[in-house]
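Presented below is the structure to which this report refers.
Quick note: the coordinates plus some simple rules give every number you see, no bench work behind them. Quantities reported herein were computed from a predicted structural model and do not represent experimental measurements. Here Cβ is always computed from backbone atoms with ideal geometry, including for glycine, and neighbour counts include all displayed protein chains.
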Amino acid sequence: MKYEAVIGLEIHCELKTKTKIFCGCATSFGADQNTHVCPVCLGMPGVLPTVNQRVVEFGIKAGLATNCEINKYSKFDRKNYYYPDLPKNWQTSQYDLPIAEHGWVDIDVEGEKKRIRLTRIHMEEDAGKLVHSGTNIKDSASSNVDYNRTGVPLLEIVSEPDMSSAEEARAYMEKIKAIMEYIDVSNCRMEEGNLRADINVSLRPVGSKELGTRTEMKNINSFKNLEDAINYEIERQTEVLEDGGHIVQETRTFDPAQGITLSMRSKENAHDYRYMPEPDLPPIITSEETIEKYRSELPELPDARRARLESEFGLSDYDAGIITSSRAMAEYFDAVVATGADAKLAANWMMGDLLKNLNDEGLDISKSPVEAQRLGEMIQLIMKDTISGKIAKKVFKEMWTNTDSPEKIVKDKGLVQITDTKAIEGIVDVVIAKNQKAVDDYKGGNKKAIGALVGQVMKASKGKANPQMVNQLLAQKLDG
Amino acid sequence: MRLYEKPAHVLHDMLVNKEITSVELTEDVLSRIDEVEGEVKAYLTVTRDEALEQARAVDEKIARGEEISFLEGIPGAIKDNICTKGVKTTCASKILEHFVPPYDATVMKKLKAENPVILGKLNMDEFAMGGSTENSAYHPTCNPWNTECVPGGSSGGSAASVAAGTAIWSLGSDTGGSIRQPASFCGVVGLKPTYGRVSRYGLVAYGSSLDQIGPVTRDVTDCAHLLNIIAGHDEMDSTSSEAAVPDFTRALVEDVKGLKIGLPKEYFVKGMDPEVEKAIRAAIEKYKEMGAEIVDISLPHTDYAISAYYLIAPAEAATNLQRYDGVSYGERVEGEDLVSMMTNTRTEKFGEEVKRRIVIGNYALSAGYYDAYYLKAMKVRTLVAEDYAKAFEQVDVILAPVAPTTAFKIGEMAGDPLQMYLQDACTVPLNLAGLPGISLPCGFSSKGMPIGMQIIGKALDEETIIRAAYTYEQSQDYHTKMAKLGGNN
Ligand SMILES: [Zn+2]
């Protein structure tokens, strides 16, 4: 029997507010243990939460950016979840009336577009962190709790089980990441846990409408792990089913070192969160005006931007897709073009040398040693024929370690293109004289032989001669 | 007559006129504590040294010729579920036996700004669950009028201390009658303000959507003054009302002419003590004499209010009390592993009544029962509130008993929690509706036990119930009587 995978994601997105969701404590990352705490986020007896309005704003913006309906009457609920790093032993979250519902985003996998539906987006608080004296809770004589993270605001973005491969899941998560970056609600630093996903995977016979038993993998925080975990799980479940076995509903962890998932706990159905409306927080009433105000504050989103880059600058769908895949890339592109650089050249340079160099060094575009301004200046040198595309590669390489302007680099290194007809003519004459065989071949009808001559001229000029002029002059002399 | 017998407004005038000093007053109340606390046991913590220090500071201020505020230099005490920075706040529970909050409740901040003398923390039913103060994990409090009787609950310490003269004023909290019922049993004045009128920040939660802090005082005048101090919006409590706070002392006028007083037939329940009913009927006659108009009304969903309350309050309590697990604060009982540590802690450190309500609450919230219990209770709650809304289209205030009986004997109902719950039938409905209510003395039983009556008002209309209460109070002298204790009267 052939099986198909059914995949749904719950993405936790940490919001970039200055303060926590229900108190005034700082949210900054990496502080000493238990330094960003107060009675409220420690859940001390008698404390009450108050809602950080920025969190509501971000929730609404995230909803609008993913085509959700915004609930004008939304509320917080207590999700009774008994764990030692949740100081109150319930998580203030949202249950039946989340801030946003029924949205969608489009993804693109190898040129095929697919719409992934969003069930809901809700606001909640993060929990603290257990710090074990040993390697894990079982072999530790004692464990301490760090409450710095407690109360850091999260959005939980829940998809419908609309994905059927690891590639689609990755594309979906990349799209969510891009959107959250664009609307500036999260730093989306996955290595810091700003963005992490719980993945549900089940299999069903191709053509069947019924959902199979699913397993859940929690806290996946890199795209590679996301793909590896899903692929492993699809393979594992396929084997179990083909051997006539049953899938057990359970939570599994993904071990990136071994590339496998392991059973963590079963009996998920026994969980009873005993949800209750949070009596300490009044409902969140949002007016049409507020929604429209937030909508008007949204920037151009990835899909719209991609379409614009294609129509306005004639970029290919592929290039436009990559350039708009992150806000930083798109802004870099804008900044290059803003210097007056040609958009297509800008796209080519970004997709080519820039991305390659960044990838080689594992750098984010925001940390690029070649800033958008300088790449723009360099492209203008190409446009003005000051340098050739070939020389530009040298200049670009130089710019990676040298903070001088491209113009200065070109001057200092003597990389200016030779556009002086007399100078090129001189070299051309010498090359013609020294390469009688190629000249004869050309004259004998082998027009391709001119290539060897062009190469010789370029070599003799150390690549600085303007290639078009070289071609022109050679043809003139040989034909004339 | 000793100083501890006088209400705060009289003592304030005496301080201003330099007839007494705050230290003299404080020492008198502290010596009253020495005399009768052994019998009454209203306190869990007495902060004697701090109290005298505060009194001395006030005296210096008066000596410098500075003006003093109403409560300045006047000794009072605080129910032990209101967080006091640096002073133990136990909620009368073993699980918070050594808990010293690092912060002050908002009402404490507001009080401290007035420079009162704080004598300490008052006994209560554990986590405010109970109607008799027998559920304190430390000791029961006794009724000053008859120490074989309960003072009522859960603010039993708050009411007993004021009745015994071991505090001039106190703060209590009221979730289903916990200020009004003990005030009634102890012959003092107790006010539950409108939900949201007083910040709950720093009040250790029992039923969050029902809890409200309020004053317990010797008379209605003190009650109005105290409410002035503690009322108002608080940014730390987003359920607190943003409505403007009037000067409640302006409601201290003797005038009920034309005031429409509703008498709900459902509140005069079967099994009501005839002496209680008689005292209340007499008060109604008094109101008529003074020119009020009495209107018979009906609050048809009253019967269901108790059931709804005993689902909603435990449901909220069950989650509120989840934080006491031995991990972060309070006491810990060790175990072999994490789960057994938590189980041992909760098993050993919570009392029976608290456990009973946690179980009820978790049951009511659990999947499969939520709709049948919690959700249905919430619907009843709406119906109860609508009953009142309709009634207040016809009347200005509602008059009712506080409890069907006078204070009962200690231990008398301890084995019958259901019977105990029925004691709350007349007080619980207005917590469900969030309305204000005041309890004030309206007589004594043949055995000399105080009887209280309750005046219920519209939301945020504490002024009218204070006015109605004050007018009645001034027509008699019940509020001037002191319990006979310690052979000093
Ligand atoms: Zn905090």
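Taking a ≥ b ≥ c as the square roots of the eigenvalues of the Cα gyration tensor of region B:131-232, is the shape rounded (a/c under 1.5), prolate (a/b larger than b/c) or oblate? Mind dumping the intermediate values first?
Numbers: a/c = 2.17, a/b = 1.29, b/c = 1.68.
Note, shape of region B:131-232 comes out oblate.
With θ taken as phi - 60° and the Karplus curve 6.51 cos²θ - 1.76 cosθ + 1.60 applied, the whole-hertz 3J(HN,Hα) list for region A:71-83 is 7, 6, 10, 10, 8, 9, 10, 8, 10, 6, 9, 8, 8 Hz, x standing for glycine and proline.
Our coupling estimate for region B:380-393, obtained by passing each phi through the Karplus curve with A = 6.51, B = -1.76, C = 1.60 and θ = phi - 60°, is 4, 4, 4, 5, 4, 5, 5, 3, 5, 4, 5, 4, 6, 6 Hz, Gly and Pro reported as x. For trypsin sites (Lys or Arg not before Pro), the sites in region A:1-104 that DSSP calls loop and that have at most 15 other Cβ atoms within 10 Å are A:Lys2, A:Lys18, A:Lys72.
A Förster distance of 56 Å, applied to the separation of the beta-carbon atoms of A:Ser263 and A:Ala304, puts the FRET efficiency at 0.80. Stick to Cα atoms and the Kirkwood definition of Rh, then tell me Rg/Rh for region A:1-160. Radius of gyration relative to Kirkwood radius: 1.05. Per-peptide packing, taken as the mean over residues of other Cβ atoms within 10 Å, places A:453-464, A:152-163 in the sequence A:152-163, A:453-464 from highest down.
Using C-alpha pairs under 8 Å with a sequence gap of at least 6, the mean separation divided by the residue count of chain A gives a relative contact order of 14 percent. Where both bridge residues fall in region A:197-266, DSSP classifies roughly 75% of the beta bridges as antiparallel.
Once C-alpha pairs closer than 8 Å and six or more residues apart are averaged by separation and normalised to the residue number of region B:148-250, the relative contact order reads 25 percent.
The H on the amide N of B:Ile410, modeled in the peptide plane, is under 5 Å from the matching H of B:Cys149, B:Val150, each at least 5 residues off or on a different chain. Taking Cα centre as origin and charging only the Cβ of basic (Lys, Arg, +1) and acidic (Asp, Glu, -1) residues, the dipole magnitude of chain B rounds to 540 debye. Since only A:Val410, A:Ile365, A:Val470 are under comparison, the one whose Cα sits farthest along the positive direction of the charge dipole of region A:344-480, derived from C-beta charges on Lys, Arg, Asp and Glu, is A:Val470. Using the alpha-carbon positions of chain B, Rg (one decimal) and Dmax (whole number) come out as 21.2, 70 Å. For the residue pairs A:Lys356/A:Lys464; A:Lys393/A:Lys462; B:Lys88/B:Lys110; A:Lys75/A:Lys218; A:Lys79/B:Lys355; A:Lys20/A:Lys129, the C-alpha atoms sit more than 22 angstrom apart in A:Lys356/A:Lys464; A:Lys75/A:Lys218. For region A:322-418, the extents of the C-alpha atoms along the principal axes are 39, 25, 18 Å, listed from largest to smallest.
With both partners inside chain B, how many of the DSSP beta bridges are antiparallel, as a percent to the nearest 5?
70 percent
Amide H contacts of B:Gly73: B:Val117, each under 5 Å away and 5 or more positions distant or on a separate chain (H built 1.01 Å from N in the peptide plane; Pro and chain starts excluded). Across region A:248-264, coupling constants 3J(HN,Hα) worked out from phi with the 6.51/-1.76/1.60 Karplus curve, θ = phi - 60°, read 8, 6, 7, 9, 10, 9, 9, 9, x, 5, 8, x, 10, 9, 10, 5, 10 Hz, and Gly and Pro carry x.
Divide the volume of the convex hull around the Cα atoms of the protein assembly as shown by the residue count and you get 229 Å³ per residue.
Across every pair of different alpha-carbon atoms, what Kirkwood hydrodynamic radius in Å does chain A reach? For chain A, the Kirkwood estimate is 26.5 Å.
The orientation-averaged projected area of the convex hull spanned by the Cα atoms of region B:413-489 comes to 7.4 nm².
Bridging of A:Lys437 to lysines at a Cα separation below 21 Å is possible for A:Lys447, A:Lys448, A:Lys459, A:Lys477, once same-chain residues fewer than 8 apart are set aside. Rounded to the nearest whole angstrom, the semi-axes of the ellipsoid equivalent to region A:146-224, taken from the Cα gyration tensor as √(5λ), stand at 27, 15, 11, largest first. Ellipticity at 222 nm from helices only: DSSP H runs of n ≥ 4 in chain B, each -39500 (n - 2.57), divided by the residue count, give -11500 deg cm²/dmol. Take every pair of alpha-carbon atoms less than 8 Å apart whose residues are at least six positions apart; their mean separation over the length of region A:9-168 yields a relative contact order of 28 percent. Footprinting exposure proxy ranking of A:Cys38, A:Cys188, fewest other C-beta atoms within 10 angstrom first, gives A:Cys38, A:Cys188.
Only Lys, Arg, Asp and Glu count, each charged at its Cβ (+1, +1, -1, -1), so figure out the dipole size of the protein assembly as shown about its Cα centre, rounded to 20 debye.
With Lys and Arg at +1 and Asp and Glu at -1, about 2140 debye.
The count of lysine pairs in region B:228-330 that are at least 8 places apart or cross chains, and whose C-alpha atoms lie under 16 Å apart, stands at 8. The trypsin sites (Lys or Arg not before Pro) found in region B:265-315 that occupy coil by DSSP, while having at most 14 further C-beta atoms within 10 Å, are B:Lys270. Here's the list of lysines a cross-link from A:Lys72 could span, going by alpha-carbon distance under 21 Å and ignoring same-chain residues fewer than 8 apart: A:Lys61, A:Lys293.
Each stretch of four or more DSSP H residues adds -39500 (n - 2.57); spread over every residue of chain A, this sum gives -11500 deg cm²/dmol at 222 nm. Looking at chain A alone, DSSP beta bridges between its own residues are antiparallel in about 95 percent of cases. The alpha-carbon of A:Lys2 sits under 17 angstrom from the alpha-carbons of these aspartates and glutamates, leaving out residues fewer than 8 places away in its chain: A:Glu210, A:Glu233, A:Glu235, A:Glu239, A:Glu242, A:Asp243. Between the amide H of A:Val131 and those of A:Asn144, A:Val145, A:Asp146, distances stay under 5 Å, these residues lying 5 or more places away or on another chain, with hydrogens modeled in the peptide plane.
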